[in-house]
Amino acid sequence: MNKLTHIPFITEQSNRLSFNEVFKNTIRKPLLNPATHVLLQVMAAQFTLRPSLNRYLKGVDGWINFIIGFKTLSGSVEQGISFNNGKVKVLTNIPRHAEVVLTFSNEDALVEMFRLPPNEALNLVLKNRIVLEGNLAYLQAFNFYVSLLMGDKHQKMLKKAQQDDELAREKDYGGGEASLCKEFKARPQYRMTCDSNMVKQDQGVNFLDDPYLPNYSLEDFPRLRGFLDDHLNHKAEVCAERAKWITRYYRENGFETDNDGNKPVPEIRQAQAYKYLMSNKRPIIRKNDLLAGTTSSYPITGSVVYPDAQGVMIWGELLSIDKRSLIPFDISQETIDSLHFDIFPFWAKRNFNEWMREQNDYPICQKINERWVAYFVWKSIGISHTIPDIPRLLEAGTLGIIDEINNRLKANDPVIDAGTNALKAMVLCLEGINSYAENLASLAEVQAEELAQQGTEVKRQKELGELAKICRKVPMQPPETLDEAFNALWITWVGLLNENADTGLSVGRLDQWLQPFFESDIKKLSSKKEKEAYIAHAIELAGCFFMRCTDHFPLGPDIANFLFGGASSTQALTLGGVTPDGEDAVNDMTYIFLKVTEMLSIRDVNVNARFNKAKNSNAYLDRLCEVNFITAGTPSMHNDDAVFASLKPHGYPQNHIRDWSATGCVEPTISGKHMGHTGSILMNLVAGMEMALNDGYHPLMKWHLGPKTGSVDSFDSFEAFFNAYMKQQTFLIDQSVELNNALAAIHAQYRPTPLLSALIDGSIKNAKDVTRGGALYNSSGVSNIGLADVTDSLLVVKKLVFDEKRFTFAELKQVLDNDFEDNTSLRALVQNKVPLFGSGDPEAVDMANRVAGAFHGYYNRCRNYRDGPYTAGFWSMSQHVAYGSLSGALPSGRKAGKAFTPGLTPQPSASKNFLDNICDVAKLNPEFMDNNIAFNVKLIPDSKDTREETVNTMSAYVKTYFDHGGMQMQFNVVTSETLRDAMAHPENYRNLLVRISGYNAYFVTLNKEIQIELIERTEYGL
Amino acid sequence: MSSPPLILDIKGNALDDGPGIRSVVFFKGCLLDCDWCHNPESMSKKSEISFEAKNCLGVDSCNSLGHSLCEISCPEQAISIDNPLLIDRDKCTLCYECVETCPATAITQVGEIMSVDEVCQRVLKYKSFYDSSGGGVTLSGGEPTLHMEFVSELLKKLKSNGVHTLLQTCGLFPYDKFISLLYPWLDTIYFDLKLYDEDQHRRYCGASNETILNNFVQLHQLHLEGGAEVLARTPLVPEITDSESNLKAIAKFLKENNVSRTQLMTYNPIWQDKWDKLGYNSEALVDESLKTWMNQVQIEQCETIFRDAGLQLVK
């Protein structure tokens, strides 16, 4: 190895590295090791010798020390870089205690990593060409240091990449007609009226003359219009407020041990930090808002850092996160400094992933998770994928709940130590919320006073005066008016989002829970004019609530854009259905929320609608379809009967089942009583198949991780192959369950969640945090991705290899390994001669049911940490694209890297007749789908049809699908042309909403692969 | 007893062939020979072979010992990959070996024999969709009335199952037979009126329109007396049907017969490659004027003629 003593690239003036120059001279492989050494030496020298860089090596708690190792699989390269007490050294081998090791599958991967802009280097990681192992927080720190050096260069690369992308888009997708954009924008201008006969069908609608509220448009609500414009025109800003306060608290009071050297009780520790945070959290009332409080310190949109979860993962992007092309976040210098020096070093070893790793000795199940392609376990990010007991909050207020807890503490049953602490922690958290509310009240008073002194904005003064009164009252006391109820809910929501990462915390059946307030308010009014004004006010309030829900966006590293494209926090709202007693639940608030959904057309709140065949009206169904048409993709629609059937086997009482709400994306939980963590695992069903085709070896991971089930020639029957597939996939299921359960233990041990516990039915009675199983109902939900692709592959293998013996399995495998390149006629055979799932063929439906049933049965038999079952869902977020891009060619004819179908939607090629798709999906057994499904349909509006005709057709599809037993359906009502135009001219389509698979996103914020998948979904004309 | 009809296609989830969600049964064979026919594969009563070049994998991908699989399969040696239309139709005996062989379904059989029961089974599968949307089954083609007995049985079965029935017809059929075999089981009739002038009709459609016009008058009269709904439809074809004289004449004819509403079908030029698929040279067959879309101004001019005559235009 050449040891270069002279480092030619550093001059007094230059502080820019020239990697390209290094590689120009030393690209030959045998010299890659010394080249790497040189590069690292440059970096080491810079950081050791230059004070302006050296200062970054020390945080508030001291030097940020770690070692990163770089090696190739073959061993041709092995270098390390050590950051130790302000000195950076290059090591020629990687010590065992290195914090992170990057293993490059070959030399090219290493070279590419240095050459590519960071967003593309990410691809190397996803494709497993670089395997990362260790405490990735320190890798992020290293990336941050690199970005300090690379500074402008990376930005130039990013900028160029963006410009190239824009040109490519114009070339590939441009040339669309200007009228496309107009069609979409014109949709809200026409609004159906509800036929007076139809109005009578909704028993629960008592005050709206026309529940469709056709006379209102967004233009009638300038307040909401302003909020919406801000929302669409502003980037979210990284907010370190929460992180700063809790870090300060722990620094002063200790984390692992308190100031007396004792181990604190986790619930109490958590609660005390939380109360400190909420008491100090800056109260903000957004200008013109009717609701007080903001999730972060940025009233429009803030992105909260949860350093105890995955917050540290943006460490490496602190300097570039505002310039990245997908979902950039603004970030202030102050925040950058705070995160780098103060917060991230404190939490680098104190987050779910790290506790997991350390405690469990970095088990295989965790390593598989970090290879991206087999499954994704959500608990490293958060657990609050549930619906709090909002009715209880509205009924009792926080003080009422505190009373209940205190009574529980006094009660005469054996409440053990852990129970007492859990309860006390709940009280502390609720007190934190109360402080925050009081601070908001004071702020409102001050703001009102200021306006009064200026003598301006009389209306706003009055509103602020009202808000002050409201915040003095709620959420401590139970609310009595709709304004109070919304504020009670929102302030508590802010509280909940400051405890746990904003992933999937859902609002539940707000139409049910807020209707009494609406009714009580409006009944007090006598004149028609007053009632009209009040209805407008209620719409506006609901609109303010929706817009407040957009005030936070999950802080994701760039990889999240690939994995969870465009997903917001998916706060699911559930409308309609039946009451716990089984009566028609559709009411005035249902239609008010639908009106707000139609006017705002935003991605979060994630609106879901239940339809109960026996009790809900056609008027309601038609309105759901109209709103889908106007917004192009929301709400998602659920068949109550099918969901009931899926929940019944779990033994929930019928009145609880009837009270189900969609959680996160689409999954059902029993509102307010259920820790269901319904998105706990995102499982790739194709991974097991690739392993079954390769005797337990996964081609992308290049890892023989699965059991030995035989090579393809060894299968003498279809059943043999099916069993091999089951064995491989259940191996992956077992691993993911093991990881999820271990992480659950970590949550319980290190980071319980007392506030959420106080607001979930069961925890107070059981005197247990929900992480320990305090909730009345406990389960963990899985989303299984690729059902249609797997089913179709099994069908092809069965029919063509075993039944008709058209070719051997070995021949098929060879073709797959070459991605069908050298045998397109075999691919054509496979695509044309086998009836697929969605074609109407009964054998295909049976196969889908067989696969779904097998997995469902397996999951149900697994127990989670809280001793609940696992449930099986078949929706996919955007994983069908992510996993698809990482998976190889399949027997179904799918080529390598192609997206799977979304949710369990049949292949576009399965049938020309959409009705066959509908019928087949409806034939799936709901009992196998207790974590719901996503069935995506893309409809093309016909300009010749009237709105009424369009809605009639859409309703007919949904109704008949539900009649056949289908569980869930979601629309994208947009043409491929429009989507292509949006790819070329995103500026014209800022608010174009699409349904991915369970959630909504703005089309223009999605990565290209997801956009292409959406364009390529089969269209059905209306 | 006439030979069983060949069914071209049964299209499901059809939204543009009548009210609601429908299935459309396309029959093969037509008495007319219109220059602009959008479904040339429906003109002949006999079975045919269609070759869709864009589905073909190419001889490099699909071959055995250097010859394409379809070439090898043909006992008459009628197939050559050097022939852009693939099959020498003069040599072809319609044995369909090539259809069986082609893995990419680039070669397909056009028209298959199905029994009334088989057709019923295919369309009744979707009855729940018809019910929920006010849809049903549409018979089209080609010309369904060429197969009176078959269609009669089919309609009876559909009606006994409570399905809404709609017939699309060019209007050239024996009236009495139509009334006794089809009419009692028809809910709606879409009746084409293409060209009013007898000579023009002969020239562009290949037959006289006298029977057609008579049939229309009588059926519409029955409708006014409470019978099946009849909707007159005129395809707008550039330089053939869209002339002012033709459209005015049709409008006058409709008014004279107390017709209040009609439908105009705007021209769609993308059917010509179907001739290529059937083995005919579309370049040679199809006139230049038929190769472009009508523009909005032209369409509105046509519509105005009917509106001025006091007729309501159905979309």
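The values are calculated or read from the model by the stated rules, or taken from the named source; none is laboratory data. Please read these numbers as outputs of a predicted model, since none were measured by experiment. Here Cβ is always computed from backbone atoms with ideal geometry, including for glycine, and neighbour counts include all displayed protein chains. Just the protein is used for accessible areas: all its heavy atoms, side chains included, with ligands, DNA and RNA removed. Shrake-Rupley method; radii C 1.70, N 1.55, O 1.52, S 1.80 Å.
Within the set A:Lys159/A:Lys702; A:Lys127/A:Lys898; A:Lys153/A:Lys349, which residue pairs have Cα atoms separated by over 24 Å? Distance filter (> 24 Å) returns A:Lys159/A:Lys702; A:Lys153/A:Lys349. How much net charge surrounds A:Gly465 when only other residues with a Cβ under 10 Å from its Cβ are counted (Lys, Arg +1; Asp, Glu -1)? Taking every Cβ under 10 Å from that of A:Gly465, the sum is -1.
For region A:260-344, state the semi-axes of the equivalent ellipsoid (square roots of 5 times the eigenvalues of the alpha-carbon gyration tensor), sorted largest first and rounded to whole angstrom. If you can, show how the numbers build up before the last one.
Values: eigenvalues 137, 94, 22 Å².
Three semi-axes, in Å: 26, 22, 10.
Distances between placed amide hydrogens fall under 5 Å for A:Arg324 paired with A:Phe329, all partners being 5 or more residues away or on another chain.
Here r is the Cβ-Cβ distance between B:Asn295 and A:Asp260 and R0 is 60 Å; the resulting FRET efficiency, rounded to 0.05, is 0.10. Dividing the convex hull volume of the alpha carbon atoms of region A:177-334 by its residue count gives 217 Å³ per residue.
When the P(r) is computed for region B:214-308, the part past 23 Å accounts for 41% of the Cα-Cα pairs. The mean number of partner chain beta-carbon atoms within 10 angstrom of a residue's beta-carbon across peptide A:950-962 is 4. Using 22 Å as the Cα-Cα cut-off, could you pick out the over-long pairs in B:Lys54/B:Lys274; A:Lys923/B:Lys28; A:Lys923/B:Lys125; A:Lys615/A:Lys938? Checking Cα-Cα distances, A:Lys923/B:Lys28; A:Lys615/A:Lys938 exceed 22 Å. Cα-based values for region A:341-479, radius of gyration first and Dmax second, are 22.6, 67 Å. For B:Asp287 and A:Ser976, what is the calculated FRET efficiency with R₀ set at 30 Å and r taken between the beta-carbons, to the nearest 0.05? Between B:Asp287 and A:Ser976 the formula returns 0.40.
Here the 3J(HN,Hα) profile of region B:257-264, calculated from phi with Karplus coefficients 6.51, -1.76 and 1.60 at θ = phi - 60°, is 9, 6, 8, 9, 9, 8, 10, 10 Hz, Gly and Pro shown as x.
In order along region A:550-563, the phi-based Karplus estimate (6.51 cos²θ - 1.76 cosθ + 1.60, θ = phi - 60°) of 3J(HN,Hα) comes to 8, 7, 9, 9, x, 7, x, x, 3, 4, 5, 5, 7, 7 Hz; Gly and Pro are listed as x.
Convex hull volume of the Cα atoms in chain B, per residue, in Å³?
On the way: hull volume 47.7 nm³, N = 315.
In chain B, the Cα hull volume divided by residue count equals 151 Å³.
Compute the long axis of helix B:210-224 from its Cα atoms, compare it with the longest principal axis of the Cα atoms of chain B, and write down the angle in degrees, 0 to 90, nearest 10. That works out to roughly 60 degrees.
Amide H contacts for B:Val230 (H built 1.01 Å from N in the peptide plane; partners 5 or more residues away or on another chain; cut-off under 5 Å): B:Ile189. Seen from B:Ser208, the other residues with C-beta closer than 13 Å to its C-beta sum to a net charge of -2, counting Lys and Arg as +1 and Asp and Glu as -1. In units of 2.2 N^0.38 Å, what is the alpha-carbon radius of gyration of region A:950-1021? Against the empirical 2.2 N^0.38 Å value, I get 1.23 for region A:950-1021. Simple spin-label model, 7 Å along Cα-to-Cβ: A:Arg225 to A:Thr48 in nm? Inter-label distance under the simple model: 6.4 nm. Sorted on the mean count of surrounding Cβ atoms within 10 Å across their residues, most packed first, peptides A:708-715, B:60-67 read A:708-715, B:60-67. Protection proxy ranking of A:803-812, A:467-476, A:128-137, by the mean of other Cβ atoms within 10 Å over each peptide's residues and highest first, is A:467-476, A:128-137, A:803-812. Calculate I(q)/I(0) for chain A by the Debye formula, one identical point scatterer on each C-alpha and no solvent, and give its log10 at q = 0.08, 0.09 Å⁻¹ to two decimals. Relative scattering, expressed as log10 I(q)/I(0), comes to -0.80, -1.03. Computed from phi, the 3J(HN,Hα) profile of region A:921-933 under the Karplus parametrisation 6.51, -1.76, 1.60 (θ = phi - 60°) reads 4, 5, 7, 5, 6, x, 5, 8, 10, 7, 10, 6, 9 Hz, with x in place of Gly and Pro. Label sites at B:Glu100 and A:Ser74, each approximated as a point 7 angstrom past Cα along Cα to Cβ, lie 5.4 nm apart.
What is the diffusion coefficient of region A:101-141 in µm²/s, taking the Kirkwood radius over Cα pairs and the Stokes-Einstein relation at 37 °C with a viscosity of 0.692 mPa s? My calculation gives 318 µm²/s for D.
Ellipticity at 222 nm from helices only: DSSP H runs of n ≥ 4 in chain B, each -39500 (n - 2.57), divided by the residue count, give -9000 deg cm²/dmol. Normalised by residue count, region A:554-634 yields a Cα convex hull volume of 110 Å³ per residue.
So what is the orientation-averaged projected area of region A:297-337, using the convex hull of its C-alpha atoms, in nm²?
Numbers: hull surface 13.1 nm².
The directionally averaged projection comes out at 3.3 nm².
Work out the FRET efficiency for B:Gln77 and B:Gln218 from their Cβ-Cβ distance, taking R0 = 56 Å, and round it to the nearest 0.05. Given R0 = 56 Å and the Cβ-Cβ separation, E is 0.60.
The mean number of partner chain beta-carbon atoms within 10 angstrom of a residue's beta-carbon across peptide A:908-918 is 3.
With a 1.4 Å probe, how much accessible area is buried between chains B and A, both sides summed, in Å² to the nearest hundred? Please report the intermediate quantities before stating the final value.
Values: alone 15560 and 35450 Å², together 49200 Å².
Chains B and A together bury roughly 1800 Å² of accessible area.
Any idea what angle helix B:148-160 forms with the longest principal axis of chain B, computed on alpha-carbon atoms, 0 to 90 degrees, nearest 10? Between helix and principal axis, roughly 70 degrees. DSSP beta bridges confined to the protein assembly as shown are antiparallel in about 40 percent of cases.
In terms of the mean number of neighbouring beta-carbon atoms within 10 Å, the peptides A:822-832, A:510-520 order highest first as A:510-520, A:822-832.
For chain A, the 222 nm mean residue ellipticity estimated from helices alone, with every DSSP H stretch of n ≥ 4 adding -39500 (n - 2.57) and the total spread over all residues, rounds to -15000 deg cm²/dmol.
Within the shell defined by Cβ-Cβ distances under 13 Å, the residues around A:Ile433 carry a net charge of -1, with Lys and Arg each +1 and Asp and Glu each -1. Once backbone amide H atoms are built at 1.01 Å from N, A:Lys615 has no partners under 5 Å, excluding neighbours fewer than 5 places away on the same chain.
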